[in-house]
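Here the structure is laid out as structure tokens; the discussion comes afterwards.
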Amino acid sequence: MSDPKSTALEYAKSHRQDFLNELIEFLTIPSISTDPDHKSDMQRAAEWVANQLKDLGMSDVQIYPTPGHPVVYGRSISAGPNASTVLIYGHYDVQPPEPLDLWKSPPFKAAVRQENLYGRGATDMKGQVMAALKAIEAIVRNGNLPVNVKFLIEGEEEIGSPHLADFIAAHKKLLSSDFALNPDTGLITADLPTITYALRGLAYFELRLYGPDHDLHSGTYGGVVHNPAQALCELIAGMHDEQGRVTLPGFYDQVRSLDEEEQAELARLPMDEAFYLDQTRAPALWGEAGYTPVERTGARPTLEVNGLFSGFTGEGSKTVLPAWAMAKISTRLVPDQDPEEVFDQLKRYLQANAPKTVRYEVINLVGSPASISDRHSQGVEAMARAMESVWGKPPVFKREGGTVPVVSQLQEILGIESVNSGFSLQEDNMHSPNEKLHLPTWYRGIDTYINFFYNLGS
């Protein structure tokens, strides 16, 4: 007689087309969280997820309202008090699809072309949510769950999860778990299983400089009134030194250094200079001296200008000395850096360097600390064994340059770490036109989660 895991894996294999059809149905819901016109679609997507949980036999399935979009919850604790409890996180909201003219097929009418499923939300992250749901379906249709599971599926991740921390804090007992499974990450390549054990934090600011009280004629007043656009560019240029290091006072004081084991693990990643040049088509790489590209993007903090605006930017010419200039500035943070401290560091830099010929204001827009997980924890080791079973090789461990706020929120509020292991790929056009999901990798992901849950149960 087949063991339960083998039966579940066979079920998943024989139901791949059914799984795909359900994912396509999910993708037709335009659950765009940033657009008020899609509020009803957000509710419809939450109800769709709730119905999936009910169909899997989850108990206490609820759609909890928030000041924004709702959170979907459900659980199964039938494995008993001695079994591990896994909190499965996900989000059902998606990015806006614009520019629409760049899509080869309608963004909310998912289309399969060769080995890929194209549609908004396919990889970020409806496909990842469905991989976890379908793994559990394969298990419960053929036996009992070997672990307890709880679901936390939100609808505001794409707008920064503004109400999630409050929800978690208000429902600590409801969400209490041993650790979380977060499928909102991905693989380096389709043939290389990957576990992300660290995510950088974020501190995001808007800097505005003001000069005259209205735009001036650049011929009449140029040379006598300091141009705010020029002053802004000079301030921004001074935020890095010639070694590529950020010059905000105290910026590196709390930065945790890499130990030899981590350096060796990161050196295993096939992400050398050629990899980044191929991904970006940049003429050459740039960054903090003394670190490899993969260390710079995952283990070192950075400061980037995300946008600049000032004066006349239309067609043709207009000789204007602008009254104001603005920049959007983000910093990616590593473990032990505090977003509020970085805000203070930016203010101290401006106090020391802003010329008296302009006045400025800096707005603290978004902040989220970095997170790092134990690579030898129960959950991570169970996932590593699961990936090796499916891919036939052990996974690599990487630090991710981006930010997933829920990971640090779960650490701070619930005291639990996350296993970050989704199955999106670098080339999946996340947040871009023609977003896609590589279906062979997705099916492997479902099999991986089946193995993962049984590894925990054993």
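Every read-out reported here was derived from the displayed coordinates using simple, explicitly stated rules and does not represent laboratory data. The shown structure was predicted, so the numbers you read here are calculated from the model rather than taken from an experiment. Cβ placement follows ideal geometry from the backbone for every residue including glycine, while neighbour counts extend to all protein chains displayed.
Which Cα, out of Phe151, Ala135, Leu174, lies furthest along the positive dipole direction of segment 80-216 (beta carbon charges, K/R +1, D/E -1)? Highest projection toward the positive end goes to Ala135. In whole angstrom, the chain maps to an equivalent ellipsoid with semi-axes of 43, 25, 21, each derived as √(5λ) from the alpha carbon gyration tensor and ordered largest first.
Here the Karplus relation 6.51 cos²θ - 1.76 cosθ + 1.60, evaluated at θ = phi - 60°, turns the backbone of segment 166-177 into coupling constants of 5, 5, 4, 5, 7, 10, 4, 5, 4, 9, 3, 8 Hz, with x for every Gly and Pro.
Evaluated with a Cβ-only charge set (Lys, Arg +1; Asp, Glu -1), the chain carries a dipole of roughly 520 debye about its Cα centre, given to the nearest 20.
Sequence-ordered 3J(HN,Hα) estimates for segment 178-191 from the Karplus curve with 6.51, -1.76 and 1.60 and θ = phi - 60° stand at 7, 6, 10, 10, 10, x, 8, 10, x, 9, 6, 9, 5, 9 Hz, glycine and proline given as x.
In terms of surrounding Cβ atoms within a 10 Å radius of their Cβ, Ile24, Ile136 rank from fewest to most as Ile24, Ile136. Under 5 Å between amide hydrogens, built in the peptide plane, is the criterion, and for Ser84 it picks out Asn148 among residues at least 5 positions away or on other chains.
When the pairs Lys104/Lys150; Lys39/Lys150; Lys173/Lys436; Lys5/Lys150; Lys328/Lys356; Lys39/Lys109 are compared against a 28 Å limit on Cα-Cα distance, Lys104/Lys150; Lys173/Lys436 fall above it.
For the pair Tyr276 and Arg44, the difference between a 0.36 nm per residue extended length and the Cα-Cα distance amounts to 79.6 nm. Annotation for segment 176-195 versus segment 272-288: alpha-carbon center distance of 25 Å. Over segment 205-321, the pair-distance histogram of Cα-Cα distances with 5 Å bins from zero comes to 2, 9, 14, 15, 14, 12, 10, 8, 7, 4, 3, 1, 0 percent, rounded to whole numbers. Over all other residues within a Cβ to Cβ distance under 15 Å of Ala325, the charged ones net out to -2, with Lys and Arg as +1 and Asp and Glu as -1. Computed over neighbours whose Cβ is under 13 Å from that of Ser14, the net charge equals 0, Lys and Arg +1, Asp and Glu -1. Loop-located GluC sites (Glu not before Pro) in segment 194-299 (DSSP state other than H, G, I, E, B) with a sparse environment of at most 10 neighbouring Cβ atoms within 10 Å: Glu242.
Of the trypsin sites (Lys or Arg not before Pro) found in segment 222-291, those that fall in a DSSP loop while having at most 14 other beta-carbon atoms within 10 Å are Arg256, Arg268, Arg281.
When Phe452, Phe205, Phe275 are sorted by how many other C-beta atoms sit within 10 angstrom of their C-beta, beginning with the fewest, the order is Phe275, Phe205, Phe452.
Shown here for segment 283-352: chymotrypsin sites (Phe, Trp or Tyr not before Pro) in loop regions (DSSP other than H, G, I, E, B) with at most 12 other Cβ atoms within 10 Å, namely Trp286.
A Förster radius of 51 Å, combined with the Cβ-Cβ distance separating Asn21 from Glu260, puts the computed FRET efficiency at roughly 0.55. Under a 5 Å amide H cut-off, with hydrogens placed 1.01 Å from N, Leu181 pairs with Leu87, Ile88, Tyr89, Val419 among residues at least 5 apart or on other chains. DSSP beta bridges fully contained in the chain are about 70 percent antiparallel. The aspartates and glutamates within cross-link reach of Lys13, meaning a Cα-to-Cα straight distance under 17 Å and a gap of 8 or more places when in the same chain, are Asp3, Glu22, Glu115, Glu137, Asp447.
Backbone amide hydrogens, once placed in the peptide plane, bring Val320 within less than 5 Å of Ser218, excluding anything fewer than 5 places away on its chain. Straight-line cross-link reach from Lys172 at under 15 Å between alpha-carbon atoms covers these aspartates and glutamates, not counting any fewer than eight positions away in the same chain: Glu412, Glu417.
Each of His376, Leu350, Ser330 was scored by the projection of its Cα onto the charge dipole of segment 308-393, and the greatest displacement toward the positive side belongs to Leu350; charges sit on the C-beta of Lys, Arg, Asp and Glu. Here the 3J(HN,Hα) profile of segment 147-152, calculated from phi with Karplus coefficients 6.51, -1.76 and 1.60 at θ = phi - 60°, is 9, 8, 10, 10, 10, 10 Hz, Gly and Pro shown as x.
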